[in-house]
Amino acid sequence: METEIKIIKTKGDIILDQPLNVIGDKGLFVKEIEEALLCHEIDLAVHSLKDMPAQLPEGLTLAVTPEREDPRDVLVTFHGEKSLKELPPKAKIATGSLRRGIQIKRLCDRVEVKEIRGNVETRINKSRENGYDGVILAAAGLNRLGLPYDGVVFSTEEMLPAPAQGILGLETRCGDEAVIGLLKPLHHAESHRQALAERAFLRDIEGGCHAPMGVCCKIDGMSFTLRGFFQTETDYLEETVYGVAGTEAAKGKELALALRGRM
């Protein structure tokens, strides 16, 4: 089979001098790629699922969910610190994520959060050049790029990840059975269940890039735990719900509505 990889730069890839919550929502990283898919310019779109809006355009589907990479966040440090306690007073920590910024301040209120954008390597290099003490990144991105790092790996209890962080979004046209059939060997049922729960939470919390929120689904056989948070202008709100296989989407909605009911 002959294949070709087509690189498509999106608005989110191009505009790097403004925070995400200023320039738009999650569609920033997928719109141009989805348009190419709908126009049959490409047959498969590969996204970071955490960058995708909860609602897909008509005619597109995520029929296959590959196995999830590490969903945790990492504080990459530049001076050998292995814990938050070892950071200097008023340590400057870079992140482009409202979610990460809120949570690092809750874990260590003496740090200064600095805005940064760009791909993984660009953010690391910029943080070093600016004299920052560290930068918070997704473990999945570092692992996929094979980048060694020193620092602090946060548990999902300490720092809730973005919905579907660490999962690739394999997007195809609805009914394209030839492509979907080729992808089926990659399907991972447990990761699919996590994606269903966390993206249902995303859809009903209505946060997008404009508000800090995070969620994590932990599977235990046929049961699962779903924990999420949402930061309002004044309050940090957190809730946990429990469910069994087949109720992932319903529990994601339940969690979101529970948090919204407290706003």
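If only one of LYS114, LYS82 is of a type in the set (Lys, Arg), touching a residue at least 12 places away in the same chain (Cβ under 8 Å) and in contact with a helix residue (DSSP H, G or I) (Cβ under 9 Å, 6 or more places away or on another chain), which one is it?
On the way: LYS82 fails: in contact with a helix residue (DSSP H, G or I) (Cβ under 9 Å, 6 or more places away or on another chain).
So the residue among LYS114, LYS82 that is of a type in the set (Lys, Arg), touching a residue at least 12 places away in the same chain (Cβ under 8 Å) and in contact with a helix residue (DSSP H, G or I) (Cβ under 9 Å, 6 or more places away or on another chain) is LYS114.
In segment 239-249, what residues are in contact (Cβ under 8 Å) with a residue 40 or more places away in the chain and exposed (fewer than 14 other Cβ atoms within 10 Å of the Cβ)?
Residues of segment 239-249 in contact (Cβ under 8 Å) with a residue 40 or more places away in the chain: 243, 245, 248-249.
Listed by number, the list holds a single entry, ALA245.
Does VAL241 meet the test of being over 29 Å from LYS31 (Cα atoms) and in contact with a strand residue (DSSP E or B) (Cβ under 6 Å, 6 or more places away or on another chain)? Before you say what the answer is, go through the steps one by one.
Values: over 29 Å from LYS31 (Cα atoms): yes; in contact with a strand residue (DSSP E or B) (Cβ under 6 Å, 6 or more places away or on another chain): yes.
Judged against the criteria, VAL241 is a match.
Identify the single condition in (1) in contact with a Gly (Cβ under 7 Å, 6 or more places away or on another chain); (2) part of a loop (DSSP other than H, G, I, E, B); (3) at pLDDT 95 or above that GLU157 does not satisfy, given that it satisfies every other one.
(1)
Report whether or not TYR236 is closer than 17 Å to MET159 by Cβ, surrounded by fewer than 15 Cβ atoms within 10 Å (Cβ to Cβ) and aromatic (Phe, Trp, Tyr). Full working, then the answer.
Details: closer than 17 Å to MET159 by Cβ: yes; surrounded by fewer than 15 Cβ atoms within 10 Å (Cβ to Cβ): yes; aromatic (Phe, Trp, Tyr): yes.
Against the criterion (closer than 17 Å to MET159 by Cβ, surrounded by fewer than 15 Cβ atoms within 10 Å (Cβ to Cβ) and aromatic (Phe, Trp, Tyr)), TYR236 qualifies.
So which of HIS47, HIS79 ends up being closer than 21 Å to LYS6 by Cα and modelled with pLDDT under 95? Please lay out each step first, then the result.
Working: HIS79 fails: closer than 21 Å to LYS6 by Cα.
Going through HIS47, HIS79 in turn, just one is closer than 21 Å to LYS6 by Cα and modelled with pLDDT under 95: HIS47.
The conditions are (1) at pLDDT below 90; (2) β-branched (Val, Ile, Thr); (3) under 22 Å from GLY228 (Cβ atoms), and THR10 fails exactly one of them. Which is it?
Looking at each condition in turn, THR10 falls short on (3).
Against the condition in contact with a Leu (Cβ under 9 Å, 6 or more places away or on another chain) and either exposed (fewer than 14 other Cβ atoms within 10 Å of the Cβ) or assigned to a helix (DSSP H, G or I) (or both), how does ALA178 come out, does it pass? Don't jump to the end; show me each part of the working.
On the way: in contact with a Leu (Cβ under 9 Å, 6 or more places away or on another chain): no; either exposed (fewer than 14 other Cβ atoms within 10 Å of the Cβ) or assigned to a helix (DSSP H, G or I) (or both): yes.
So ALA178 does not fit the description; no.
Give the residues of segment 203-238 that are touching a residue at least 60 places away in the same chain (Cβ under 8 Å), among the hydrophobic types (A, V, I, L, M, F, W, C) and either within 19 Å of PRO66 (Cα to Cα) or in contact with a Gly (Cβ under 8 Å, 6 or more places away or on another chain) (or both), sorted by residue number.
Hits for segment 203-238 are CYS209, MET213, CYS216, PHE229.
Taking segment 217-263 as the search range and keeping residues that are of a type in the set (S, T, N, Q) and closer than 15 Å to LEU160 by Cβ, which one is nearest to the chain's Cα centre (by Cα)? Show your work before the answer.
Taking segment 217-263 first, the residues of a type in the set (S, T, N, Q) are 223, 225, 231-232, 234, 240, 247.
Imposing the further condition that a residue be closer than 15 Å to LEU160 by Cβ reduces the set to 225, 231, 240.
Details: THR225: 18, GLN231: 17, THR240: 19 Å.
Among residues in segment 217-263 that are of a type in the set (S, T, N, Q) and closer than 15 Å to LEU160 by Cβ, the one nearest to the chain's Cα centre (by Cα) is GLN231.
Can you confirm whether LEU98 is under 15 Å from PRO212 (Cβ atoms), surrounded by 13 or more Cβ atoms within 10 Å (Cβ to Cβ) and at pLDDT below 95? Steps first, answer last, please.
Details: under 15 Å from PRO212 (Cβ atoms): yes; surrounded by 13 or more Cβ atoms within 10 Å (Cβ to Cβ): yes; at pLDDT below 95: yes.
Judged against the criteria, LEU98 is a match.
The values are calculated or read from the model by the stated rules, or taken from the named source; none is laboratory data. Predicted model only: the values in this text are computed from it and were never measured. Glycine also receives a Cβ, built like all others from the backbone with ideal geometry; neighbour counts cover every protein chain displayed.
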